[in-house]
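Okay, here's the structure, questions in a sec.
The values are calculated or read from the model by the stated rules, or taken from the named source; none is laboratory data. Not measured: the values here are computed from a predicted model. Please note that ligands, DNA and RNA were not included when accessible areas were found on the heavy atoms of the full protein model with its side chains. Shrake-Rupley method; radii C 1.70, N 1.55, O 1.52, S 1.80 Å.
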Amino acid sequence: MPHQRLLVLFAFISISAYAQWLNFPTPGTPRTRDGKPNLSAPAPRAADGKPDLSGVWMHELTSVAEMRRLYGDMIDAAVKVDVPGMEIGTQHKYAFNILLDFKPAESPMRPEAAEILKRAGNRNPADVCMGHPGIPLADLLSEPIKIIQSPRTTVILYEVDNMHRQIFTDGRALPKEFDFPAFYGYSVGHWERDVFVVETAGFNDKTPLDAMGHPHSEALRLTERYRRRDFGHLDVEMTFDDPKLYTKPFTIKVPHDLLADSDLFESFCDQNEKDRAHLGKL
């Protein structure tokens, strides 16, 4: 059952490899003598003096060997992808199991969450183009993200599913109640010295936290902390607090590397799709 869940959900969300403009050096990028981006240069600063998080970022990769150590042969059986850039080893380890750091006996899942997870394997594998990957899964797959920082709003673009988030930094607070729960919630941000802190709430309960199908409820509150260590490295910490389905908050840390001289491209799923007839037979 676990590998069936991974197969179904990974087929649904793995729809394009990341691409880039060719031979276009990003203006303002510090470079070494040989012309390569200097990723260890100091982090850039915005006009207000805060670190500028803008750029195209890719989470650290989990090697094929490490994936097999963590998940065993299940990872090869569950995820068979022949598209360049989407092979095993291009995802982050938490993409498959966000509770990977917990021993089974120490899992914070409540019985209600375990029951929802059990039902996650019943999804029709032929429905590969329906639904949304959600947060944090959209940032843990084989595609990069792009951060665009401005004084009053910071936007995160996700290549997977062509989705985006707006993080408001204009002084507004999160509403106490949400009349329209959303797939990616509602976000506000503020700075704590050089760390950008993002608080998100108002989620609906229609997206999984990972490819295995760990659920969340509408009570989920997500706190993210972004710190740009230098020009080419971004530390991202995510804390999930969902008292309805989990007994305690839990945190994952996902370092990101800058994809200098790169950009996002449109992703698509069902154009020229030829797998549905075969998936329906699983």
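Using only the alpha carbons, work out the radius of gyration and Dmax of the range 144-229 in angstrom.
Cα-based Rg and Dmax for the range 144-229 come out at 13.4, 38 Å.
Here's a follow-up. Pop out the ³J(HN,Hα) list for the range 173-185 in order, Karplus 6.51 cos²θ - 1.76 cosθ + 1.60 with θ = phi - 60°, rounded to Hz; leave Gly and Pro as x.
These are the phi-based 3J(HN,Hα) values: 9, 5, x, 6, 9, 10, 6, 9, x, 10, 4, 10, x Hz.
Could you pull the Cα extents of the range 182-264 along its three principal axes, largest to smallest, in whole Å?
40, 28, 21
Which percent of the accessible area of the range 139-212 is formed by carbon and sulfur heavy atoms (probe 1.4 angstrom)?
51
Using the heavy atoms of the protein chains alone and a 1.4 angstrom probe, what is the accessible area of the range 154-277 per residue in square angstrom?
Heavy-atom accessible area per residue stands at 49 Å².
Can you flag which of 50/253; 206/253; 176/253; 36/93; 50/93; 50/146 are past 20 Å Cα-Cα?
Table pairs above 20 Å Cα-Cα are 50/253; 206/253; 176/253; 36/93; 50/93.
A further question on this structure: What ³J(HN,Hα) values, in whole Hz, does the Karplus curve 6.51 cos²θ - 1.76 cosθ + 1.60 give for the range 62-71 when θ = phi - 60°, with x put for Gly and Pro?
Values, residue by residue: 9, 4, 4, 4, 5, 4, 5, 5, 6, 10 Hz.
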